[in-house]
1. Regarding Arg470, is this residue over 24 Å from the mean Cα position of the chain (by Cα), in the same structural domain as Glu346 (by TED's automatic domain parsing) and charged (D, E, K, R)?
2. When you scan segment 320-378, how many residues do you find that are outside any helix (DSSP H, G or I), of a type in the set (S, T, N, Q) and within 11 Å of Gly306 (Cβ to Cβ)?
3. Any residue in segment 180-191 that is within 27 Å of the chain's Cα centre (by Cα), of a type outside the set (Asp, Glu) and over 16 Å from Leu110 (Cβ atoms)?
4. Would you mind telling me which numbered condition in (1) surrounded by 15 or more Cβ atoms within 10 Å (Cβ to Cβ); (2) part of a helix (DSSP H, G or I); (3) under 24 Å from the mean Cα position of the chain (by Cα) Gly393 fails?
5. Suppose we filter segment 275-308 for residues that are over 18 Å from Met397 (Cβ atoms), surrounded by 24 or more Cβ atoms within 10 Å (Cβ to Cβ) and of a type outside the set (A, V, I, L, M); how many remain?
6. Pairs only if they're at least six apart or on different chains, beta carbon under 9 angstrom, first in segment 1-23 and among the charged types (D, E, K, R), second in a helix (DSSP H, G or I); list them, first residue then second.
7. Taking only segment 208-225 into account, find how many residues are farther than 17 Å from Ala250 by Cβ and assigned to a helix (DSSP H, G or I).
8. Please go through segment 526-549 and give me each residue that is without any contact (Cβ under 8 Å) to a residue 40 or more places away in the chain and of a type in the set (Phe, Trp, Tyr), ordered by number.
Amino acid sequence: MKIALAQQNPTVGDFQQNVSRMVEMARRAGELGARLVVFPELSTCGYPPADLIEKPEFLEASEAAASVLVMATRDSNLPALLFGSVLRSEKRPGKPARNVAVLCDGGEILLVQQKMLLPFYDVFDEQRYFEPGESQSLVTLDGETLAITICEDAWNDKGFWPDRMYRDDPVERLMAQRTAEGSRATVLLNISASPYWEGKLQVRREMMAGRARKHGVPGAIANQVGVNDSLLFDGASFALGREGEVVASAAAFGEDLVLFDSECDTATAVAPLPSNIEADWQALVLGVRDYVHKTGFTKALVGLSGGIDSAVVAALAVEALGAANVMGVGMPSGYSSSGSIDDARELAANLGIQFELLSIADGFDSLQGTLHPLFHGTEFGLAEENLQSRLRGVLLMALSNKFGHLVLTTGNKSEMSVGYCTLYGDMVGALAVIGDVWKTRVYQLAHHANREREVIPQNTISKPPSAELRPGQLDTDSLPPYEVLDPILQAYVERYQSADNIAREQHVSLETVTKVLGLVERSEYKRQQAAPVLKITRKSFGSGRRFPIAARFRVAE
């Protein structure tokens with residue numbers, strides 16, 4: 001049987017457009033000879049719908065969308081469909097909804113499979129909304145016995161993970177079953193909304209390959225693609241033979257349709273996996289494009305300082321939206337070097353974007369005059385430095401309001417970790433494009449941007465990083481060098497290692513580590529007021545990392 005994996009990019013809550021696109025992809029798959037088309041998890045409504053699930057009207061719309069798809073299969077030119085949907089739960093007491101996979105053919109529902117394992121860690125909140133399934137069943141279509149699972153249900157293999165999150169394993173249950181006719185599963189299908197983090201594409205394949213080898217059946221994952229708020233979904237759907245070999249795979253970071261035969265005896269279209277740096281780049285490009293368009297905007301605005309962070313964000317924005325839809329703004333003060341202004345102007349010319357120069361010098365002088373009666377007799381310091389950053393934020397938001405451009409912030413993960421950023425200043429904006437990218441990784445992305453030609457000026461890459469808010473300022477005046485800082489932050493922010501362990505393993509003084517960790521803990525209030533961060537690591541700032549602000553537990557003390 002020919003099966004198509006329809007890698008779809010839904011918008012949360014846009015049932016009409018999502019279903020229309022699904023029917024279009026299914027019709028195309030049918031023309032290519034597919035008997036069954038497999039869509040991702042919650043494909044009718046998009047993942048994650050979050051608290052929309054608590055609205056009765058949303059559940060009604062979701063069920064109506066599922067019915068439209070079921071009825072669409074009455075068309076003899078449309079194959080059978082397997083898709084993800086939210087349906088109401090009739091179980092009381094219990095949660096209001098079910099996360100289900102629906103298999104339909106010829107206008108009839110053949111199976112409604114309810115998700116059993118509901119993740120409630122990192123960015124996932126499924127136990128908040130869904131009633132877990134208690135059992136699952138095999139189903140037969142054209143002689144093939146299908147074992148159908150939903151995302152997490154396939155991720156609890158005791159042979160793959162040293163520590164498991166759940167006692168139950170839905171795949172093991174299904175593989176132990178027989179149909180009424182005595183048949184065992186012949187194909188394992190998983191519909192997914194599996195978010196991206198660096199290395200996830202390889203892990204997903206290795207995990208599913210272990211399943212295929214263990215049970216001696218072909219396996220396939222149809223994964224969502226696209227961005228919904230902070231979460232990036234890479235797609236990269238694939239089918240595996242009985243020995244775990246890839247026999248078909250879809251492209252990463254874009255909609256795609258790929259077919260395979262249930263016998264899996266020959267390889268069809270196999271898209272190579274991108275390298276980690278290429279995957280990160282593609283993920284961030286997709287993130288900017290989808291976030292801007294799905295929020296109803298077409299153009300973006302980036303403050304260009306002449307530094308590497310804003311340069312990388314601008315380069316990503318141009319690839320995502322096109323040069324005509326990106327505007328760069330330089331906002332020098334009296335402390336900005338002429339070289340930084342030149343670097344910003346050269347970057348804009350290399351990218352082919354509109355560039356405007358708006359000096360904040362007069363505004364800064366005016367505000368200092370206004371504050372002089374209160375600031376008189378004090379030394380120039382953080383207040384004056386932040387005043388410059390906040391002036392820039394005011395200008396960017398004024399341009400956004402006037403011309404309808406969405407402002408992209410340019411702060412990286414290292415800065416957000418230690419609070420080396422100004423609330424209501426350089427943190428102003430709608431999307432933190434590189435807020436999950438360590439500073440050392442930003443340099444790698446810059447080199448990747450220059451892989452074919454010089455886009456980011458070499459001087460931008462080679463000069464020491466500086467906020468240029470006071471004479472001769474360098475980042476190293478306040479922080480350890482980034483090649484020292486980033487490994488400390490990775491160990492603490494992403495892996496929650498102790499100060500003692502970090503100092504010992506990285507051969508850094510405990511005093512340095514303790515100082516850095518103290519900065520992280522004191523900056524939580526800033527991060528909770530930041531723009532949404534595009535997630536590309538295992539642990540990003542946002543819903544997947546939750547700490548109280550008003551707390552007195554300080555591991556760094």
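The values are calculated or read from the model by the stated rules, or taken from the named source; none is laboratory data. The shown structure was predicted, so the numbers you read here are calculated from the model rather than taken from an experiment. So basically every Cβ, Gly included, is an ideal-geometry build from the backbone, and we count neighbours across all protein chains shown.
1. Against the criterion (over 24 Å from the mean Cα position of the chain (by Cα), in the same structural domain as Glu346 (by TED's automatic domain parsing) and charged (D, E, K, R)), Arg470 qualifies.
2. Number satisfying all stated conditions: 2.
3. Yes, some residue in segment 180-191 is within 27 Å of the chain's Cα centre (by Cα), of a type outside the set (Asp, Glu) and over 16 Å from Leu110 (Cβ atoms).
4. Among (1) surrounded by 15 or more Cβ atoms within 10 Å (Cβ to Cβ); (2) part of a helix (DSSP H, G or I); (3) under 24 Å from the mean Cα position of the chain (by Cα), the lone unmet condition for Gly393 is (3).
5. The qualifying residues number 3.
6. Every condition considered, the pairs that remain are Lys2/Ala29; Asp14/Lys294.
7. 6
8. Initial filter on segment 526-549 (without any contact (Cβ under 8 Å) to a residue 40 or more places away in the chain): 528, 546-549.
Across segment 526-549, the qualifying residue is only Phe547.
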